[in-house]
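The values are calculated or read from the model by the stated rules, or taken from the named source; none is laboratory data. What you are looking at is a predicted structure, and each value in this text was computed from that prediction instead of being measured. Note that each Cβ is placed from the backbone with ideal geometry, even for glycine, and that neighbours are counted across all protein chains shown. Side chains included, ligands, DNA and RNA excluded: accessible areas come from the protein's heavy atoms. Shrake-Rupley method; radii C 1.70, N 1.55, O 1.52, S 1.80 Å.
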Amino acid sequence: MEKQYNAKESEEKWMEFWEKENIYKFDANSKSEIYSIDTPPPTVSGKMHLGHSFSYSQQDFIARFQRMSGKNVFYPFGTDANGLATERMIEKMKNVKGQFMKRSDFVELCLKTLEEIRADFVYDWKRIGISADFNIFYTTIDRHSQKISQKSFLQLYKMGRIYKKKAPFIWCPECQTAIAQVEMKDSERQSNLVYMKFDTTLNEQITIATTRPELLPSCVAIHINPDDKRYKKFIGAKAIIPFLNREVKITANKDVDMEFGSGIVYHCTFGDMDDVRWMEEYNIEPIEILNKNGTLNEKAGRFKGLYVKEARKAVIKALEEEKRIAKTESIKHVVNVHERCDTDIEILTTEQWFIKYLDLKDDFIKFGRKIKWYPEHMRIRYENWIHGLKWDCNISRQRHFGIPIPLWYCKKCSEIILAEEKQLPVDPLTDKPLSNCKCSSNEFIAEKDVLDTWATSSLTPDIAIELFNDKEQKKLFPMSLRPQAHDIITFWLFNTVVKSYFHHKNIPWKEVMISGWALDPHGKKMSKSKGNVIEPREMISKYSADALRFWAAGSRLGDDLPFQEKDLVTGQKFTTKIWNASKFAFMHLSDYNKDDKENKKEKQKEKPKKIELMDRWILSKISRLAKECTENLMNYEYSHTKLATETFFWHTFCDNYLEIIKDRLYNSEKRGISPKISAQYGLYHSLLTIIKLMAPITPFITEELYQLYYKKHEKIKSIHIADWPSISLIDENAEKVGDFFVHILQQVRKVKSESNMSLKKPIKKITAKGRIPKENFEEIKEDLIATTNAEEIVFEQLDEKSDKEYDAIVEM
């Protein structure tokens, strides 16, 4: 055994070993209970970030625990390469712009690039010790996923749940595609509230405050709250739009906030979704001035061709020239932006495909309540999202790279022609329908739009499970677990429940575990723009993967965790300590599996005829620990398992038990062979249990230690497929007596420390007092004398009524 543990060499070695030996392979033919995980497919948009290492480590703690508990773990691994993030990454890598390329050429470039970078991308997950079966692999853009996603579209269409509509909807001018409500996020922006003066047909001016003066040419109405006595007389009159001399009606609208700005709203098409609602409510014809790329069109008059922010400045300048600005206030306000690129969203009228589901809100809430949530309070986020849904789900995107919507339009009669399931996957731009239209025409127009990435990612249970045959699929659904971070409850989790509701009439998983975020040391979200990103590869190189996982186990499930490098230092200290403690143990266990010379029929590895009381103490204590850790992991409380085991290892095992048994291990000629065998038995099993309990959290160091000694005795290929520690009989009396022993030992150490004495220095006498039977004291007396280095120990039995349970008088 090497003097020092080399994490870098060890971790690479065991990573290769696990893969070569198929340690984590799912056995489709096994009769063991299946534990299936709907593994989050990480987005291929660069390399692993710290948040990945945080949340994926946490789900892996559970996967490893379930595998060691005897479950047949189905733990696939996929990558999400079907989305704007991947598209933008490839555009940057290859210095191209997809919208200016032929679609087939851009798709081919994307697929080729993904193939080139995939191995290096996936390596990061292997490197942190993710115990997935990487042979069960998919990517959300491969033909298998395309087929399942397109099949879902066809089935929903036939259910009457998919429709196409030309309507105002959310648009990203940067990505030049429609986006769903779920893809928006709130962002605080510095802006100006501009107070504009309008003439009216009452020959009086009104002042309107807005943060979007550039939309002035699209103004279609003015709204005043009928309860607002200041402006009530203007209701029914008309306002004159500056520059255009166009009149618009001033209407009564209860939705107007009288406290915001001047208390008057100008209705443009479209500033936000309220404008859309008012358009329908007041039967107003829209005037749309925005192009898809965020520039103003000819309806904007002299502002045509300007981008939104340029137009804002130009309109303000023009209003100033006409002395139509009463004042300007600097404000901070929250705007909706596209979560992928942080661009302010616009509302444009385009033709889009939708899933109709607003009528099913109550059903989705009921389905959410059938799932067991860890932590439970995360379900509230799910339900709040459903309560706040305003629109059906937009699933079409105006992009090149994605899964094509599988249909055509008849050129002659405009009938929609669906692809047939047997021809999936299809690309309508290159493929044709298998039969003519019912009007007999064989000329078709291909649907150019592609499906939103979440329309496919919401099918990950189906994508993973359908890699197997029908018989195996039935055993895998619903899946046992969906692990994910809290920020995509509204994205991934909700949409997966929706798809499962439609396609299976069942929940997709029995349980969900929701992780928090990894934050920077100051508690801020990490981002490249802030320059506070910490790379997992750097931390692994500096410390180890085990140390990084040790840090990830430091927060309760669902909590955000600021990154503190000192936590990795603590993890590194743990690996060093368990290495050194094991080195000591293995040296004293070197003859443990040899024949007992006093009884050649008895192997020392088997339970000795007599187990010394302090060995019964450690075995009972560790049985209690194993029980606690099992319960914690069953409830996804991995942080409690880590803390309890780490504390037990440092204090109960290293500080106390190893010191207590040293005399029996070193001085068997004096103390006898049986006490030594008992010590070896306690040492063997307590250390093995500690290693097993820490295996889910620190898989590399535990594998190294197992292979160095235990494998040849336990006969199991890897610690990670060994049995989880069983809970032996708890010996409460041994624990009580052993705790008395430790209390006396600590008292002696305290006295020596206060006297600046070496802990090895002998002491004259200890008067040990305790509420334990005298015969039990006699059982531990020799160990106590040897551990404290006392010349004499006198025992005094305390009365049950005594206010103290233990006490000691130490004479130097």
**Item:** Count - residues of segment 152-185 that are closer than 21 Å to H504 by Cβ and not hydrophobic (A, V, I, L, M, F, W, C)
**Value:** 6
**Request:** Name the one entry in P699, P773 that is of a type outside the set (V, I, T) and in contact with a Gly (Cβ under 6 Å, 6 or more places away or on another chain).
**Result:** P699
**Prompt:** So which residues in segment 517-550 are touching a strand residue (DSSP E or B) at 6+ places or on another chain (Cβ under 8 Å) and outside any loop (DSSP other than H, G, I, E, B)?
**Reply:** A518, L519, K525
**Asked** Of the conditions (1) in contact with a Leu (Cβ under 8 Å, 6 or more places away or on another chain); (2) within 23 Å of W579 (Cβ to Cβ), Y636 fails just one. Which one is it?
**Response** (2)
**Asked** Can we say I208 is open to solvent by less than 10 Å² (accessible area, probe 1.4 Å), hydrophobic (A, V, I, L, M, F, W, C) and in contact with a His (Cβ under 9 Å, 6 or more places away or on another chain)?
**Response** no
**Prompt:** So which of K309, K366 ends up being within 29 Å of A178 (Cα to Cα) and either polar (S, T, N, Q) or not in a loop (DSSP other than H, G, I, E, B) (or both)?
**Reply:** K309
**Request:** Go over the candidates N6, N72 one by one and state the one that is open to solvent by 10 Å² or more (accessible area, probe 1.4 Å) and more than 25 Å from the chain's Cα centre (by Cα).
**Result:** N6
**Message:** Criterion first (at pLDDT below 95 and touching a helix residue (DSSP H, G or I) at 6+ places or on another chain (Cβ under 6 Å)) does P562 satisfy it?
**Reply:** no
**Prompt:** Taking segment 82-132, which residues are hydroxyl-bearing (S, T, Y) and exposed (fewer than 15 other Cβ atoms within 10 Å of the Cβ)?
**Reply:** S104, Y123
**Message:** Pull out all pairs, ordered by first then second residue, where Cβ-Cβ is under 8 Å, the residues are six or more apart or on different chains, the first lies in segment 1-14 and is within 22 Å of F584 (Cβ to Cβ), and the second is at pLDDT below 95 and open to solvent by 20 Å² or more (accessible area, probe 1.4 Å).
**Reply:** none
**Prompt:** Would you pick out the residues in segment 167-185 that are at pLDDT 90 or above and either surrounded by fewer than 16 Cβ atoms within 10 Å (Cβ to Cβ) or out of contact with any helix residue (DSSP H, G or I) (no Cβ under 9 Å at 6 or more places or on another chain) (or both)?
**Reply:** W171
**Message:** Exactly one of these conditions fails for D362: (1) under 22 Å from the mean Cα position of the chain (by Cα); (2) more than 30 Å from S218 (Cα to Cα). Give me its number.
**Reply:** (1)
**Request:** Any residue in segment 493-505 that's touching a residue at least 24 places away in the same chain (Cβ under 8 Å) and closer than 13 Å to Q155 by Cβ: show its pairings with residues that are in a helix (DSSP H, G or I) and acidic (D, E) at Cβ separation under 7 Å, as long as the two are six or more apart or on different chains.
**Result:** Y501/D363
**Prompt:** On the given criteria, is Y666 over 16 Å from F550 (Cα atoms), of a type outside the set (S, T, N, Q) and open to solvent by less than 10 Å² (accessible area, probe 1.4 Å)?
**Reply:** no
**Asked** Restricting the search to segment 504-526, which residues are open to solvent by 30 Å² or more (accessible area, probe 1.4 Å), within 24 Å of L548 (Cβ to Cβ) and not small (G, A, S)?
**Response** W517, P521, H522, K524, K525, M526
**Fill in**
When segment 262-283 is checked residue by residue, the ones that are under 17 Å from R312 (Cβ atoms) and among the hydrophobic types (A, V, I, L, M, F, W, C) are C268, F270
**Request:** Give segment 168-192 a look and list any residue that's outside any strand (DSSP E or B) and of a type in the set (A, V, I, L, M, F, W, C), or say none.
**Result:** C175, I179, A180, V182
**Prompt:** Of everything in segment 312-345 that's under 27 Å from I206 (Cβ atoms) and assigned to a loop (DSSP other than H, G, I, E, B), which residue is least open to solvent (accessible area, probe 1.4 Å)?
**Reply:** R324
**Checking K147 against (1) open to solvent by 20 Å² or more (accessible area, probe 1.4 Å); (2) at pLDDT below 95, the condition it does not meet** = (2)
**Message:** Quick check on segment 625-648. Is at least one of its residues under 27 Å from I540 (Cβ atoms) and of a type in the set (D, E)?
**Reply:** yes
**Prompt:** Quick check: is even one residue across segment 29-51 over 24 Å from S726 (Cα atoms), over 27 Å from the mean Cα position of the chain (by Cα) and at pLDDT below 95?
**Reply:** yes
**Asked** So L193 fits all but one of (1) within 23 Å of S330 (Cβ to Cβ); (2) surrounded by 14 or more Cβ atoms within 10 Å (Cβ to Cβ); (3) out of contact with any Gly (no Cβ under 9 Å at 6 or more places or on another chain); what number is the exception?
**Response** (3)
